[in-house]
Every structure is written in C-alpha cells, then in structure tokens.
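These notes are about the structure you will find just below.
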Amino acid sequence: MTITIQNLAIICDATIEGGNSNQIIVAANDITTAKTGQVTQLTQARYRHNLKESQASACFIATDFEVQDVPTSLVLLRCSDPEMAFIKAIEILHPQTHHITKISPQSVISENVMLHENCHIGAFAVINEGVICGENSEILAGVYLGKNVKIGKNCRIYPYAVIYDGVEIGDNVTIHSGAVIGADGFGYKFRNGQHVKVPQIGNVVIGDNVEIGANTCVDRGALGSTIIGSGTKIDNLVQIGHNNKIGQHVIICGQTGISGSCMIENYAILAGSTGIADHVKIGQGAVIMARAGVANDVEAKTQVFGSPAKEKRVAYREQVAISQLPDLLKTIRRMEERIFQLEAKNQNT
C-alpha cells in the first residue's frame with residue numbers, strides 16, 4: 001500500500017516538520033537502511049547520528065527530541081509516542097496477508113465439528129471430531145487439531161503446528177509453525193528399577209491475544225490445566241512444563257525452560273535462556289535476566305541474575321569479585337613468599 005506523508009501524519013496523529021509532505025511513502029524501514037519513499041523512526045539518542053545521512057523520506061520522532069543536520073528532503077513526523085506511531089505506519093504499509101475463506105478439499109475433517117462459515121482451513125490440515133473454530137480464524141496448511149479443541153475468533157495457526165486433544169484457545173491468538181500445544185508433561189515415578197509414567201490427563205487453556213513462537217512446547221496439565229494468561233507473548237523455542245500458571249501480559253524470551261507447577265504472575269519478564277525450577281513463584285512485574293537459573297521464589301518487581309539467581313546488585317558485585325580473583329591470587333602468592341622470607345630470617349637470627 002502507498003500513502004502520502006500528509007495522510008500518514010493525520011492517521012498517526014503526528015505533526016509535520018520540514019520537507020515535502022506530498023511525497024509518497026511505500027514502505028517502512030530502519031533508520032540505517034531506509035531509502036527514498038520509506039518512513040523510519042528515531043527514538044534513541046545513540047542513533048541520532050544516522051539521521052544526518054539518512055535517505056528516508058520521513059521519520060517519526062518524539063515531540064521534544066532535539067536533532068541537527070536534518071536532510072532537507074526528510075520530513076520529521078513529531079508525535080508523543082513515535083514507536084507506536086511507527087507500528088501503526090507498518091500496519092498500514094505492510095498489511096498482514098489474509099487467506100481467502102475456504103475449506104481446502106485436501107484437508108481432513110471429522111464429523112461433529114463446528115467451523116464458522118468464515119473459517120479458513122488449509123490443505124492437509126487435520127481437524128478431529130468435536131473441534132470448534134470461531135469466526136475469521138485461519139488454520140493453515142498441515143495443522144493438526146486434536147479432539148475437542150476449541151479455538152476462538154480471529155486466530156491464526158501457522159503451518160504444521162500441533163494442537164493436542166482438549167486444548168482451549170481464546171480470541172486473537174497466534175501460534176507459529178512447529179509449536180506443540182498440549183503434549184504430555186514430563187512426569188514419572190521411579191519404582192522397581194524403572195520409570196513409571198504418570199498419566200497426563202489435563203489440558204492447556206490459552207487466553208486472548210496470546211502469541212506463541214515457532215517450535216515452542218506447552219505441556220498439558222497432569223491433572224487440571226496448564227494456563228497461559230491473556231496478552232502473554234512467548235518467543236520461539238520455549239518449553240513450558242505441565243500445570244504452570246502463566247499470568248497476563250507476561251514476556252517469555254527464546255530458549256527459556258519452565259519446569260512444572262510454577263506460578264508466573266502478571267507482567268513478569270523472563271529473558272533469554274532462563275531456567276526455572278519446579279514449583280517456583282515469580283512475582284508480578286519481576287524480571288529474570290538472561291541465562292539466570294531460578295530455584296527459589298522471586299519477589300514482585302525485583303530483578304534477578306545469575307545461577308543460582310540472586311538480586312541483580314548482589315549478583316553483579318559477585319561477578320566483579322570473581323573477575324578480580326586472578327589479581328587477588330597473585331597478591332596472596334606475593335604475601336606468602338614475603339611471609340616465608342620473614343620466617344626464614346627470624347629463624348636465622
């Protein structure tokens with residue numbers, strides 16, 4: 001889609017400064033590579049120098065953000081929240097592709113299913129009995145939906161995702177390719193020299209406006225439900241164990257692993273490659289920093305780091321102390337040598 005800078009400014013509630021507002025915008029791009037006909041954004045001072053050489057036609061910028069050496073061909077779009085304005089511009093210029101509503105003849109659909117007339121079912125999708133799929137939802141090629149799966153409105157399940165029996169999915173949910181929702185939790189009891197599987201008879205319940213990344217696994221509850229709260233965003237390659245209760249608007253970054261029966265409260269952030277032991281509670285708004293290993297509960301609105309995870313300032317002090325160990329060892333050796341020399345001198349006198 002194309003749009004003039006003038007109309008883009010109106011839609012994004014921005015004020016025009018400099019340049020030619022009648023220019024046509026055809027795409028969005030980052031500030032280092034944007035070309036003529038593209039719009040970009042500048043939100044951080046460390047990227048301010050890129051504006052001088054920018055070939056972009058327009059740039060979203062905060063109302064009070066001071067810049068110099070702006071190219072004469074560049075229009076500044078000043079607004080209160082340039083990041084959100086830029087997101088809106090991207091949505092306008094690069095609208096999401098929607099499939100024509102149809103049920104592919106190559107799909108396999110069991111009896112006793114309820115598919116809204118506006119659903120899209122792609123080729124080679126498998127829809128088992130008891131499935132309910134809401135209005136405007138898209139089940140793309142090769143998706144597997146187990147028995148009694150419930151999917152709300154405006155959902156998109158990308159190719160080759162697998163949704164096991166009994167999973168419940170809210171409205172406006174996106175599940176990316178290769179994700180597996182509702183597989184058995186990892187539960188065993190050791191008896192008589194062998195591991196005996198504990199039956200996993202629960203399900204997964206996913207709230208509204210959730211996004212789950214590619215190749216992420218969310219295990220069903222052993223008893224009861226594994227719950228993903230509304231507004232939560234889960235990155236690629238995440239493992240969520242059985243019976244976890246993930247709150248609303250939680251961020252879980254790639255390669256994070258959460259053991260079973262944890263409670264992750266609203267607005268918590270789990271950075272990349274964090275590991276959470278079982279039965280741990282992460283408080284509301286807490287931040288688990290990258291590669292942290294959490295074995296104990298974390299208080300609300302705190303930040304922890306390291307393995308085992310500790311309060312950020314304590315962990316950083318320990319890291320600094322560890323980095324000083326080589327010099328400290330050298331100092332100790334010199335002191336030992338000096339003590340040895342003094343003791344030898346005393347023995348000789």
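The values are calculated or read from the model by the stated rules, or taken from the named source; none is laboratory data. What you see is a predicted model; the values in this text were computed from it and never measured. Here the Cβ is made from the backbone with ideal geometry for all residues, glycine too, and neighbour counts use every protein chain on show.
Sort out which residues of region 104-131 are surrounded by fewer than 16 Cβ atoms within 10 Å (Cβ to Cβ) and closer than 20 Å to Asn172 by Cα, and write them in order of number.
Correct list: Met114, His116, Glu117, Asn118.
Considering region 38-66 alone, what residues qualify as being under 21 Å from Gln6 (Cα atoms), surrounded by 17 or more Cβ atoms within 10 Å (Cβ to Cβ) and either of a type in the set (S, T, N, Q) or in contact (Cβ under 8 Å) with a residue 24 or more places away in the chain (or both)?
Gln38, Val39, Thr40, Gln41, Leu42, Ser54, Ala56, Ser57, Ala58, Cys59, Phe60 - these are the residues of region 38-66 that are under 21 Å from Gln6 (Cα atoms), surrounded by 17 or more Cβ atoms within 10 Å (Cβ to Cβ) and either of a type in the set (S, T, N, Q) or in contact (Cβ under 8 Å) with a residue 24 or more places away in the chain (or both).
Can you tell me which residue in region 33-68 is farthest from Asp81 (Cα to Cα), limited to those that are in a helix (DSSP H, G or I) and under 29 Å from the mean Cα position of the chain (by Cα)? Please lay out each step first, then the result.
Applying the first criterion (in a helix (DSSP H, G or I)) to region 33-68 yields 45-51.
Of the ones still in play, those that are also under 29 Å from the mean Cα position of the chain (by Cα) are 45-48, 50.
On the way: Ala45: 15, Arg46: 18, Tyr47: 17, Arg48: 17, Asn50: 20 Å.
So, considering only residues that are in a helix (DSSP H, G or I) and under 29 Å from the mean Cα position of the chain (by Cα), the one farthest from Asp81 (Cα to Cα) is Asn50.
Counting only residues that are over 13 Å from Ile5 (Cβ atoms) and of a type in the set (S, T, N, Q), which one in region 67-97 is modelled with the lowest pLDDT?
If we take residues in region 67-97 being over 13 Å from Ile5 (Cβ atoms) and of a type in the set (S, T, N, Q), then Thr97 is modelled with the lowest pLDDT.
Looking at region 202-238 only, could you name the residues that are without any contact (Cβ under 8 Å) to a residue 40 or more places away in the chain, closer than 21 Å to Gln284 by Cα and either touching a helix residue (DSSP H, G or I) at 6+ places or on another chain (Cβ under 9 Å) or not in a strand (DSSP E or B) (or both)?
The answer is Asn209, Gly229, Gly231, Thr232, Asp235, Val238.
Would you mention how many residues in region 218-239 are under 13 Å from Gly202 (Cβ atoms), surrounded by 23 or more Cβ atoms within 10 Å (Cβ to Cβ) and not hydroxyl-bearing (Ser, Thr, Tyr)?
Count: 4.
Within region 6-27, can one find any residue that is closer than 30 Å to Glu135 by Cβ, part of a loop (DSSP other than H, G, I, E, B), touching a residue at least 60 places away in the same chain (Cβ under 8 Å) and of a type outside the set (Gly, Ala, Ser)?
So the first thing to find is which residues in region 6-27 are closer than 30 Å to Glu135 by Cβ, and the list is 11-12.
Checking the rest, the ones that are also part of a loop (DSSP other than H, G, I, E, B) come to 12.
Retained after the next criterion (residues that are touching a residue at least 60 places away in the same chain (Cβ under 8 Å)): 12.
Now narrow it down to the ones that are of a type outside the set (Gly, Ala, Ser): 12.
Checked against the condition, which is being closer than 30 Å to Glu135 by Cβ, part of a loop (DSSP other than H, G, I, E, B), touching a residue at least 60 places away in the same chain (Cβ under 8 Å) and of a type outside the set (Gly, Ala, Ser), region 6-27 yields at least one hit.
Filter the strands (runs of 3 or more DSSP E) completely within region 82-200 down to those with at least 3 residues that are touching a residue at least 24 places away in the same chain (Cβ under 8 Å).
Where strands (runs of 3 or more DSSP E) fall fully within region 82-200 and carry at least 3 residues being touching a residue at least 24 places away in the same chain (Cβ under 8 Å), they are 180-183.
Do we have Gly293 as in the same structural domain as Ile181 (by TED's automatic domain parsing) and either out of contact with any Pro (no Cβ under 9 Å at 6 or more places or on another chain) or touching a residue at least 60 places away in the same chain (Cβ under 8 Å) (or both) here?
Details: in the same structural domain as Ile181 (by TED's automatic domain parsing): yes; either out of contact with any Pro (no Cβ under 9 Å at 6 or more places or on another chain) or touching a residue at least 60 places away in the same chain (Cβ under 8 Å) (or both): no.
For Gly293, the condition - in the same structural domain as Ile181 (by TED's automatic domain parsing) and either out of contact with any Pro (no Cβ under 9 Å at 6 or more places or on another chain) or touching a residue at least 60 places away in the same chain (Cβ under 8 Å) (or both) - is not met.
Within region 72-111, count every residue that is under 31 Å from the mean Cα position of the chain (by Cα), closer than 15 Å to Ile16 by Cα and of a type outside the set (A, V, I, L, M).
Qualifying residue count for the region: 6.
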